Amino acid sequence: MAQVETTPERREESDNFSRLLDALRRRVSKQQFATWFQRTALVRWEGNEVVIGVPNRFYEEWFQRHFRTLIARAAEEVGQAPANVSFEILPALPAGEGPAPARAPEAGAPSVPPAPTPTVVEPASAVASFDLHLNAHYTFENFITGPSNRVAAASARAVASDPGRAYNPLFLHGSVGLGKTHLLHAVCHEFLRQQAGERICLLSCEEFTNEFVQALQRHDLESFRQRFRNVGLLVIDDIHFLVGKERIQDEFFHTFNRLYQAHRQIVVSSDAPPTEIPTLQDRLVSRFKWGLVANIDKPEMETRMAIVRRKATLLDLEVPNDVVEFIAANFRNNIRELEGAILSVSARARVASVPIDLSIAQEALEPSLRDGRPPMTLDRITEVVAAHYQVKISDLRSKRRNRSVSHPRQVVMFLARATTDLSLDEIGDHFGGRDHSTVLYAVRRMQELAEQDPNFAAELERMKDRLGVR
Ligand code: ADP
Ligand code: MG
């Protein structure tokens, strides 16, 4: 809100800050936003350092405890890079009629505004090292099961009820938007309910990485490790981000062993099964295979329809059957998109002040069905493929011929043919003027390989998922 000063140099920073506030506005309730965020100012946003000014010590502590992770996530979204968020007291800021400035947070005053949604759940022992940001809707009750996810859901329930014994570790994998994060949160909710007093640590692989890097910089690995020692449940989301990070894999291995030996439950998610995460250390792969590896597949039509119905109920919407079917038939690959479709239809009906019916649904979804996506480019494909194989973009575009770059290069050519209208020559040009027969050869070769090798076919699917092509 308030900006400390507005010299031209700071314009970009303050633009970012308003985008950050917008992102936060979407993540917390109106009341929380008014109580907390309207009294903040940007002190500094340099690289990944984001310093936010708050009116007093009470705010500072409250932000540290309850909002730091939330703000870091939002800042990452805005700045498209990991963000390190800290707070600074700016007495000039209005403290307002919100929380009483002099009161310490420990007092647990009832007048204190509610914690952010996604809810912050303090474990009963109240010695949480990480804030636990659980989305209140991501429960087992709200998770619709079908053949595509039944094993994953059942094993998630089992580890919450019988932690450390049923399956340890539990490794859930599936492509984006199929409910991995939802199930991980559901495990935490259920664990908290059944294992009163036990501590939980839930974090994304990126948070684990960031915390680790910060601990290294502070020369304080000990307190980093200490955080994981006494938890009953460690949950790490999107573990595939461990690719190519040797030291962090070492550290994770270490953490894993300690918890495992103490019969503490470990649950991780990933976009691929352990054996297919490139550059994941063998010893980690074999650890993951000690427990249960469960896949979440794309849901069938029936399951998608059930999800649309459940979502409609949660949103208090009247959605006729033909609309449920229409939405479920058109959004097959990603439940998040399915949910987005329901929201678009409901918004359209609200604006037009008509009840939801098939024609309003068709109208609302027509643009995204026609193809609301930005056109695919060779640059985007190259970027995704380079990240997948952990090679440099410049190597892919160079003349180098060894297999570690020539294979990914052929994958780019294949994906470019499959997802763009570019000619063979145009694709060849992107790779330093290779001629069209080279490209044609690559495309055919990859096609054959995908037919012979289901693992490779699955890798291609995952890269397509990342590119957002269906
Ligand atoms: P992922 O982590 O695999 O990318 P998420 O867990 O974020 O996916 O799921 C995306 C959205 O879809 C969430 O809003 C989640 O609640 C919803 N969702 C996914 N699977 C189901 C399901 N089986 N039943 C109900 N909602 C689901
Ligand atoms: Mg997720």
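Brief remarks follow.
- Among the candidates GLU77, GLU60, the residue that is within 23 Å of ALA92 (Cα to Cα) and of a type in the set (Asp, Glu) is uniquely GLU60.
- Every residue from region 13-49 that is outside any helix (DSSP H, G or I) and not basic (Lys, Arg): VAL28, SER29, THR40, ALA41, LEU42, VAL43, TRP45, GLU46, GLY47, ASN48, GLU49
- Pairs are defined by a Cβ separation below 7 Å, a sequence spacing of at least 6 or placement on different chains, a first member in region 232-256 that is touching a residue at least 40 places away in the same chain (Cβ under 8 Å) and aromatic (Phe, Trp, Tyr), and a second member that is open to solvent by 10 Å² or more (accessible area, probe 1.4 Å) and assigned to a helix (DSSP H, G or I); the pairs so defined are PHE256/ARG287.
- Test result for ARG444, over 12 Å from ILE381 (Cβ atoms), open to solvent by 30 Å² or more (accessible area, probe 1.4 Å) and either in the same structural domain as ILE277 (by TED's automatic domain parsing) or not in a helix (DSSP H, G or I) (or both): no
- When each of VAL308, VAL285, VAL323, VAL243 is tested for being away from ligand 2 (no atom under 16 Å from the Cβ), of a type outside the set (D, E, K, R) and over 26 Å from SER155 (Cα atoms), the lone residue that passes is VAL323.
- Residue check for SER406: under 30 Å from ILE239 (Cα atoms), within 29 Å of the chain's Cα centre (by Cα) and free of Cβ contacts under 8 Å to residues at least 12 places away in the same chain: no
- For region 166-210, the tally of residues that are under 19 Å from THR145 (Cβ atoms), within 15 Å of ligand 2 (Cβ to nearest atom) and not in a loop (DSSP other than H, G, I, E, B) stands at 12.
- Residue in region 263-270 that is β-branched (Val, Ile, Thr), in a loop (DSSP other than H, G, I, E, B) and touching a residue at least 24 places away in the same chain (Cβ under 8 Å) present: no
- Only a single item in (1) away from ligand 1 (no atom under 16 Å from the Cβ); (2) in contact with an Asp or Glu (Cβ under 8 Å, 6 or more places away or on another chain) is not met by LEU184, and it is number (1).
- The single condition among (1) closer than 23 Å to VAL285 by Cβ; (2) β-branched (Val, Ile, Thr); (3) away from ligand 2 (no atom under 16 Å from the Cβ) that VAL213 does not meet is (1).
- Residue list for region 446-455, restricted to those being closer than 17 Å to ASP297 by Cα and touching a helix residue (DSSP H, G or I) at 6+ places or on another chain (Cβ under 9 Å): ASN455
- Screening region 269-296 for residues that are in contact with a His (Cβ under 9 Å, 6 or more places away or on another chain), open to solvent by less than 20 Å² (accessible area, probe 1.4 Å) and among the hydrophobic types (A, V, I, L, M, F, W, C) and picking the one that is nearest to GLY179 (Cα to Cα) gives ILE296.
- Hey, ARG348 over 25 Å from LYS245 (Cβ atoms) and open to solvent by 40 Å² or more (accessible area, probe 1.4 Å) or not: yes
- Picking from residues in region 130-157 that are part of a helix (DSSP H, G or I) and free of Cβ contacts under 8 Å to residues at least 12 places away in the same chain, the one that is farthest from ligand 1 (Cβ to nearest atom) is ALA154.
- The helices (runs of 4 or more DSSP H) falling completely within region 317-409 that include 3 or more residues that are modelled with pLDDT of 90 or more map to 321-330, 335-352, 358-371, 378-389.
- Qualifying residue in region 206-219 (condition: touching a strand residue (DSSP E or B) at 6+ places or on another chain (Cβ under 7 Å), within 17 Å of GLY291 (Cα to Cα) and in contact (Cβ under 8 Å) with a residue 12 or more places away in the chain): no
- One residue from PHE256, PHE241 being away from ligand 1 (no atom under 14 Å from the Cβ), part of a helix (DSSP H, G or I) and hydrophobic (A, V, I, L, M, F, W, C): PHE256
- Some residue of region 24-47 being β-branched (Val, Ile, Thr), farther than 27 Å from VAL213 by Cα and modelled with pLDDT of 80 or more: yes
- Complete set of residues in region 297-316 that are open to solvent by less than 40 Å² (accessible area, probe 1.4 Å) and either more than 16 Å from ligand 1 (Cβ to nearest atom) or assigned to a loop (DSSP other than H, G, I, E, B) (or both): PRO299
- Scoring ALA361 on the criteria (1) more than 30 Å from ASN321 (Cα to Cα); (2) open to solvent by less than 20 Å² (accessible area, probe 1.4 Å); (3) small (Gly, Ala, Ser) leaves a single failure, condition (1).
The values are calculated or read from the model by the stated rules, or taken from the named source; none is laboratory data. Since the structure is predicted, the reported quantities are computational estimates derived from the model, not experimental observations. Glycine gets a Cβ as well: all are built from the backbone with ideal geometry, and neighbour counts include every protein chain shown. Heavy atoms of the whole protein, side chains included, go into the accessibility calculation; ligands, DNA and RNA do not. Shrake-Rupley method; radii C 1.70, N 1.55, O 1.52, S 1.80 Å.
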